[in-house]
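Undergrad: Here it is: the structure, laid out below.
The values are calculated or read from the model by the stated rules, or taken from the named source; none is laboratory data. Model, not experiment: these values are computed from the prediction. Don't worry about glycine lacking a Cβ; one is built from the backbone with ideal geometry, like all the others, and counts go over all protein chains shown.
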Amino acid sequence: MSLVTATNDDELVDVEPGVGAMNRRVPAALSVVIAMVAVAISSAPWRDAFVNLSGGLSVGVTLAIAAVLGVAVPVVVGSLLGRRLGWSLPASVVAYVVGALVLAVQPVFSVASLADGYSSALARLLQSTPPLVVDEGTLVPAFTLVWITGALVGEMLVRTRVTVGMAIPPLLAFGLAYAATSQLDRGDQLRR
């Protein structure tokens, strides 16, 4: 009795049971969904650091959209136009800028707020105690980190067959987000 499995070249090969035979390729759609969920979970520290009082989209929804689109753009462009970085990178940058102008800044399409988010929002985040009120470009650092993480994972899905490597960028992004949003009580730290 033999099992049939797919190799890297998509050729069918008979493999004997009991020798570690298993399908090494996770279906593509499932990999993309898992990547989107992993990137969305990596943004958890950012969701706890912000309070949205303006009545717009919640911070969690905004970052979830960034995670989904950050992964989807390289995957869709890579599958439609081939594995050329010359197409997927500019598409990711354009989609990021449009997404940031629509979702991460207030008022919508405010280039000045986006520029403020790049220049001083991270400094304000590190100097104050969470939760921060979402205003102007405060959400830009979180949106940017989530988008870059999603784009890296999406590019890894398109360009490599190793799906284990897609766990590294979300873990690093979670660590960076946690470090940026966790505030120590400096008085207790000085007394020790």
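Undergrad: Looking at Leu57, is it assigned to a loop (DSSP other than H, G, I, E, B), on the phi < 0 side of the Ramachandran plot and surrounded by 15 or more Cβ atoms within 10 Å (Cβ to Cβ)?
TA: Working: assigned to a loop (DSSP other than H, G, I, E, B): yes; on the phi < 0 side of the Ramachandran plot: yes; surrounded by 15 or more Cβ atoms within 10 Å (Cβ to Cβ): yes.
So Leu57 fits the description; yes.
Undergrad: Please pick out the residue among Ala21, Ala44 that is small (Gly, Ala, Ser) and either closer than 30 Å to Pro130 by Cβ or at pLDDT 50 or above (or both). Can you show your working first?
TA: Numbers: Ala21 fails: either closer than 30 Å to Pro130 by Cβ or at pLDDT 50 or above (or both).
Matching residue, one of Ala21, Ala44: Ala44.
Undergrad: Still on this structure, please answer the following. Can you tell me which residues in segment 150-168 are under 11 Å from Leu69 (Cα atoms) and in contact with a Pro (Cβ under 8 Å, 6 or more places away or on another chain)? Can you show your working first?
TA: Taking segment 150-168 and keeping what is under 11 Å from Leu69 (Cα atoms), we get 150-151, 154.
Once the filter is applied, which keeps residues that are under 11 Å from Leu69 (Cα atoms) and in contact with a Pro (Cβ under 8 Å, 6 or more places away or on another chain), segment 150-168 yields Ala151, Gly154.
Undergrad: Please give the number of the condition Tyr178 fails out of (1) surrounded by fewer than 21 Cβ atoms within 10 Å (Cβ to Cβ); (2) free of Cβ contacts under 8 Å to residues at least 24 places away in the same chain.
TA: So the condition that Tyr178 fails would be (2).
Undergrad: From the list Leu145, Leu157, Leu139, pick out the single residue that is within 16 Å of Val32 (Cα to Cα) and not hydroxyl-bearing (Ser, Thr, Tyr).
TA: On the way: Leu145 fails: within 16 Å of Val32 (Cα to Cα); Leu139 fails: within 16 Å of Val32 (Cα to Cα).
Every option except Leu157 fails the conditions.
Undergrad: Name the residues in segment 110-144 that are at pLDDT 85 or above, of a type in the set (A, V, I, L, M) and in a helix (DSSP H, G or I), would you?
TA: Correct list: Val111, Ala112, Leu114, Ala115, Val140, Ala142.
Undergrad: Can you report the number of residues in segment 60-89 which are surrounded by fewer than 16 Cβ atoms within 10 Å (Cβ to Cβ) and more than 15 Å from Val158 (Cβ to Cβ)?
TA: 1
Undergrad: Of the residues that make up segment 74-84, is at least one under 23 Å from Ala115 (Cβ atoms), modelled with pLDDT of 90 or more, out of contact with any strand residue (DSSP E or B) (no Cβ under 6 Å at 6 or more places or on another chain) and part of a helix (DSSP H, G or I)?
TA: Of the residues in segment 74-84, the ones under 23 Å from Ala115 (Cβ atoms) are none.
Looking for residues that are under 23 Å from Ala115 (Cβ atoms), modelled with pLDDT of 90 or more, out of contact with any strand residue (DSSP E or B) (no Cβ under 6 Å at 6 or more places or on another chain) and part of a helix (DSSP H, G or I), one finds none in segment 74-84, hence no.
Undergrad: Further question on the same structure: Hey, among the residues in segment 40-54 that are part of a helix (DSSP H, G or I) and of a type outside the set (D, E, K, R), which one's surrounded by the fewest Cβ atoms within 10 Å (Cβ to Cβ)? Write out each step before concluding.
TA: As a first pass, look at segment 40-54 and keep what is part of a helix (DSSP H, G or I): 40-42, 44-49.
Next, from what is left, pick out any that are of a type outside the set (D, E, K, R): 40-42, 44-46, 49.
Working: Ala40: 23, Ile41: 13, Ser42: 27, Ala44: 15, Pro45: 19, Trp46: 28, Ala49: 23.
If we take residues in segment 40-54 being part of a helix (DSSP H, G or I) and of a type outside the set (D, E, K, R), then Ile41 is surrounded by the fewest Cβ atoms within 10 Å (Cβ to Cβ).
Undergrad: Follow-up. Restricting to segment 95-121, count the residues that are within 29 Å of Val77 (Cβ to Cβ) and buried (at least 18 other Cβ atoms within 10 Å of the Cβ).
TA: 11
Undergrad: For segment 75-98, what are the residues that are farther than 25 Å from Val111 by Cβ and of a type outside the set (A, V, I, L, M)?
TA: Hits for segment 75-98 are Gly78, Ser79, Gly82, Arg83, Arg84, Gly86, Trp87.
Undergrad: Give segment 85-109 a look and list any residue that's of a type in the set (S, T, N, Q), modelled with pLDDT under 90 and within 20 Å of Ala35 (Cα to Cα), or say none. Give the steps one after another, and end with the answer.
TA: At the first step, the residues of segment 85-109 found to be of a type in the set (S, T, N, Q) are 88, 92, 106.
Now drop any that are not modelled with pLDDT under 90, which leaves 88, 106.
The answer is Ser88, and nothing else.
Undergrad: Could you give me the residue pairs with C-beta distances under 7 Å whose first residue belongs to segment 43-55 and is more than 18 Å from Leu171 (Cα to Cα), whose second residue is part of a helix (DSSP H, G or I) and at pLDDT 85 or above wherever it lies, and which are 6+ apart or on separate chains?
TA: The qualifying pairs are Phe50/Val59; Asn52/Val59.
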